[in-house]
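Step one of this worksheet: look at the structure below.
The values are calculated or read from the model by the stated rules, or taken from the named source; none is laboratory data. Here the structure is a predicted model, which is why all the values come from computation and not from measurement. FYI the Cβ positions are ideal-geometry reconstructions off the backbone, even for glycines, and counts take in every protein chain you see.
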Amino acid sequence: MGYLLAALLGGFFVFNSQATPQRAERAIEKVLVKQFSGATVDAEVEGKKGRDVLKGRFRRVKLSLSNFNLEGAGLGVQAVPSAKSLGRIGRFEMSLRDFAFGGARVGTLDMGFDSATFDWKALKNQSELKLVSCGPGTARASVGAAALEPLLKARLKDVQDMKLSIASGNRVRVSGTRPAPVINVPVSFEVAGRLEVRNGREIWLADPTATMGGMALAAPLTKAALGSVNPLYVFDPENKSPFAIQITELKTGAGSVEIATNLTFKPVKP
C-alpha cells in the first residue's frame, strides 16, 4: 500500500516545464497498472501545471483502483517532524474495489484526507510517504462474510468446515464441526453473537451463545469453548500507524459488515 500511495501522490512526477496534472494522471496510471497486473486504474489530479506539479503541490488527487492484490502489503506511511522540501495536497481520496488483502477479498474501501503536507524529496526519490501534517480523515469499508472467515478461523482453530453467516442487527453466526470433549469425535458446533465496538478501535463478539452436538452450552462452557476469541479484531494493535483510529459506525446487512472510522493524524514533535 505504501508503494501505491507514493505513486499516487507524486513519487513518479519528474517532468519538464510542461508538467501538467493530466500528465501526472497518466504517469500514475502507468505505474500502478504495471505494479498491479490486471487492475483497473483511474487517477484524477487537480492543480496548477508547471512548477506546482514539479514541487509536489496539488489541489486534489483521487485514485480509483479495482480487481487487484495487496497481499503482504502494509500502509507504509510514517509521520516525521519536518522536511526541507514540503509537498502539499489539499484533498486526497482513494476508492478501492474488489481487492485481495489478508487472505481474502475485500469489497470496498473509501478513504479521504484533507490538507496534507509531506516530504517531497523522500516521496520523489525513495517512494516513501512521510507526512509532516495532515487534516482529519475518514474511511469506510465493506467486508463480506467470506473475507471475515479467515479472521474467525484464526481464533477458533479447531473448528472445521467453518461457515459464517451475517444478519441485520450486527448479528453473526458461525457453524462447523468441532471435536467433542473426552471422546474427541467431531460434532456439529455453532456460535452466535452480536458484533460490538469497544475501546474505540476494537471489534468484539458480544453476548455469545453456543451449541455443540445440537445441545446448548451453559455460559461458563460457552466461554471456555470460545477461549480468546475476543477481541475479534483490533485496528493498529501496536500503535504504529501515524493515525489514531476511532470506529464511528459498525453495521451489518446483505451478508457484509460495514465499518466507518475517523482518522486523526498524530504529529511528531520536533
So Thr209, is it in contact (Cβ under 8 Å) with a residue 60 or more places away in the chain and assigned to a strand (DSSP E or B): no
Check Phe92, Phe99 and return the single one that is modelled with pLDDT under 90, in a strand (DSSP E or B) and assigned by TED's automatic domain parsing to the domain that holds Gly47. Phe99
Unmet criterion (only one of (1) touching a residue at least 24 places away in the same chain (Cβ under 8 Å); (2) among the hydrophobic types (A, V, I, L, M, F, W, C); (3) crowded, with 16+ Cβ neighbours inside 10 Å) for Ala146: (3)
What are the residues in the stretch 157-185 that are buried (at least 16 other Cβ atoms within 10 Å of the Cβ), out of contact with any Pro (no Cβ under 6 Å at 6 or more places or on another chain) and assigned to a strand (DSSP E or B), if any? Met162, Leu164, Ile166, Val172, Val174, Ser175, Gly176, Arg178
Taking the conditions exactly as written (at pLDDT below 95, of a type in the set (S, T, N, Q) and surrounded by 13 or more Cβ atoms within 10 Å (Cβ to Cβ)), does Ser228 satisfy them or not? no
Name the pairs whose Cβ atoms lie under 8 Å apart, with the first residue in the stretch 218-243 and without any contact (Cβ under 8 Å) to a residue 24 or more places away in the chain, the second loosely packed, with under 10 Cβ neighbours inside 10 Å and of a type in the set (A, V, I, L, M), and 6 or more positions between them or separate chains? none
Taking Ile166, is it touching a residue at least 12 places away in the same chain (Cβ under 8 Å), within 30 Å of Gly112 (Cα to Cα) and touching a helix residue (DSSP H, G or I) at 6+ places or on another chain (Cβ under 8 Å)? yes
So Lys240, is it of a type in the set (Lys, Arg), over 25 Å from Gly169 (Cα atoms) and either in contact with a helix residue (DSSP H, G or I) (Cβ under 7 Å, 6 or more places away or on another chain) or outside the structural domain of Gly176 (by TED's automatic domain parsing) (or both): yes
I'd like to know if the stretch 223-236 contains one or more residues that are among the acidic types (Asp, Glu) and more than 24 Å from Ala116 (Cα to Cα). no
Is it the case that the stretch 253-264 has a residue that's at pLDDT 90 or above and touching a Leu at 6+ places or on another chain (Cβ under 6 Å)? yes
(1) within 21 Å of Arg105 (Cβ to Cβ); (2) outside any helix (DSSP H, G or I): which one isn't true of Leu148, the others all being true? (2)
